[in-house]
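Step one of this worksheet: look at the structure below.
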Amino acid sequence: MKLYSLLLCLGLSFNLFAQNTTGIIQFEEKMNMHRNLPEDAGDMRAMIPEYRIMKSELLFSATESLYRNVEEEEDDDEVGGGGAVIKLQRPDMQFYKNLETAQHTQQREFMGKYYLIEEAIEQTPWKVGTETREIIGYNCMQAVWEDTTADRKRTVTAWFTPDIAVSSGPVTYGALPGMILSVDINNGELQLTAKSIALQEPQKSELKAPAKGEKIKKA
């Protein structure tokens, strides 16, 4: 009887673990459009909203993940004043990771053309802290990375949960012992936050590397 109870508990644990390695996470991307404008760009500030909010989703399994835009009814924003209008069009982008082969593929749209970047997944030098917070019902731990790989230094703060045992996250972020549910760049310049999760198996026809575009190097 004790052995049966133990096996039953182990079976439930394995089922829960398996469920937590497949799913679809809905993310909100909030970008501060005024942060990097010059202080004397008052007219520009009047034509551009302070924040732009977009939707994306992350499809994942134990070995793969795909982060992509979510199509909305009105994907383009038009703002302006004094007769001037600025049209903000969101480029089509997809970010695929294969954790078994340690490779990732980016598909990016620029000026109507598509490009593919294929390279090895780099190990991010995260510093895991002691702070915790709850995001969509999951207990998350903090990790910080001082990114010097871009044109300017960026402070990247991630919140990840070991309860989802997949080392992935939005865009190209990952390399932590659990799923990343939130990313903050430069204290609010760009915020990626999980808003909901469905622990279901994504369709195999969707969870695959993008293949549209000309292959180029990251540089």
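The values are calculated or read from the model by the stated rules, or taken from the named source; none is laboratory data. Computed from a predicted structure; not experimentally measured. Cβ placement follows ideal geometry from the backbone for every residue including glycine, while neighbour counts extend to all protein chains displayed. Heads up: the accessible areas ignore ligands, DNA and RNA and are worked out on the full protein's heavy atoms, side chains in. Shrake-Rupley method; radii C 1.70, N 1.55, O 1.52, S 1.80 Å.
Assorted remarks:
- Scan of region 183-204 for residues that are of a type outside the set (A, V, I, L, M), without any contact (Cβ under 8 Å) to a residue 60 or more places away in the chain and closer than 19 Å to Tyr138 by Cα, ordered by number: Asp184
- Residue ID - nearest to the chain's Cα centre (by Cα), chosen from residues in region 85-124 that are aromatic (Phe, Trp, Tyr) and closer than 20 Å to Val183 by Cβ: Phe95
- For region 87-114, the candidate set comprises residues that are among the polar types (S, T, N, Q) and surrounded by 14 or more Cβ atoms within 10 Å (Cβ to Cβ); within that set, the residue that is farthest from Asn69 (Cα to Cα) is Gln103.
- Options Arg52, Arg90; residue that is outside any loop (DSSP other than H, G, I, E, B) and modelled with pLDDT of 50 or more: Arg52
- Residue in region 12-43 that is modelled with the lowest pLDDT, counting only those that are open to solvent by less than 30 Å² (accessible area, probe 1.4 Å) and of a type in the set (Gly, Ala, Ser): Ala41
- Test: residue in region 180-194 that is assigned to a loop (DSSP other than H, G, I, E, B) and under 21 Å from Thr21 (Cβ atoms): no
- Total residues in region 168-197, condition within 14 Å of Ile25 (Cα to Cα) and of a type in the set (S, T, N, Q): 4
- Answer residue from region 200-219, given it is over 16 Å from Thr63 (Cβ atoms) and surrounded by 13 or more Cβ atoms within 10 Å (Cβ to Cβ) and is modelled with the lowest pLDDT among those: Gly213
- Qualifying residue in region 158-165 (condition: within 16 Å of Glu57 (Cβ to Cβ), part of a loop (DSSP other than H, G, I, E, B) and not hydroxyl-bearing (Ser, Thr, Tyr)): yes
- Taken over region 136-162, the criterion of being modelled with pLDDT of 95 or more and either open to solvent by less than 10 Å² (accessible area, probe 1.4 Å) or under 20 Å from Asn98 (Cα atoms) (or both) is satisfied by Cys140, Ala143, Val156, Ala158, Phe160, Thr161, Pro162.
- Answer residue from region 66-86, given it is surrounded by 15 or more Cβ atoms within 10 Å (Cβ to Cβ) and of a type in the set (D, E, K, R) and is modelled with the highest pLDDT among those: Arg68
- Which numbered condition Thr132 misses (of (1) in contact (Cβ under 8 Å) with a residue 12 or more places away in the chain; (2) in a strand (DSSP E or B)): (1)
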